[in-house]
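Step one of this worksheet: look at the structure below.
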Amino acid sequence: MKKITAGSLLLAEPFMPDPNFKRSVVLICDHGEHGTFGFVLSRKSPLYLDQAMDNIFNFKAPLFFGGPVQTDTLHYLHKLENLEGAVEVVPGLFWGGDFNDLKELINGGEVNPKDIRFFLGYSGWSEGQLDEEMKEHSWLVHQVRPDHIFDIPADDLWKCILKEKGGDYAIMSNFPEDPSLN
């Protein structure tokens, strides 16, 4: 079993029945004794930031469903290395940061929508919960690269990473969602 750390991607096994995570890719931002925190990267919402945050941003960036926990909260991953308070998940990929500074940068035209991703809610596991799911083979683990998040369309991410892993994983990428259709 591969060790999970900040920067790990969790890929749902092909027949996971949980609708929150079916064929999803989750980026782990924090994993430790207190539990695990991350964002679903592969579930785009129909909304854009400027629609959801009226009068705060005039910024046409898509919103994603980060997970089923606290879906009324806004989070962000980005490439902005100088954003105060941001946590570097892996080199070149940052999580969070000072919201007021971010607003200033966006409203000043200093942020490209392709360099930031916004999430409603997050994915979380209590201490030991994800380890149990790993023992049940619910997830595959892969290391993130910033291009996974910012360059690959969300709808294609799960399949692309399985193909990237190669071998049997590439074959799994073509499994139908409903095996009876095979």
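We did not get these values from a lab; they are worked out from the coordinates using the rules stated. What you see is a predicted model; the values in this text were computed from it and never measured. Glycine also receives a Cβ, built like all others from the backbone with ideal geometry; neighbour counts cover every protein chain displayed.
Points worth noting:
- Cα gyration tensor category, rounded, prolate or oblate, for region 92-177 with a/c compared to 1.5: oblate
- Point-to-point label distance, Asp151-Val90, nm (Cα→Cβ direction, 7 Å offset): 1.3 nm
- Relative contact order, percent, the chain [alpha-carbon distance under 8 Å, six or more residues apart]: 27 percent
- Amide H within-cut-off set for Glu13, under 5 Å, with H built and near neighbours excluded: Trp139, Leu140
- Entries of Lys114/Lys165; Lys2/Lys103; Lys2/Lys22; Lys3/Lys159; Lys2/Lys60 with Cα pairs more than 31 Å apart: Lys2/Lys103; Lys2/Lys60
- Estimated inter-spin distance, His137 and Ile171, nm [label 7 Å along Cα→Cβ]: 1.3 nm
- Across region 154-165, coupling constants 3J(HN,Hα) worked out from phi with the 6.51/-1.76/1.60 Karplus curve, θ = phi - 60°, read 3, 5, 9, 4, 4, 5, 4, 6, 4, 5, 4, 5 Hz, and Gly and Pro carry x.
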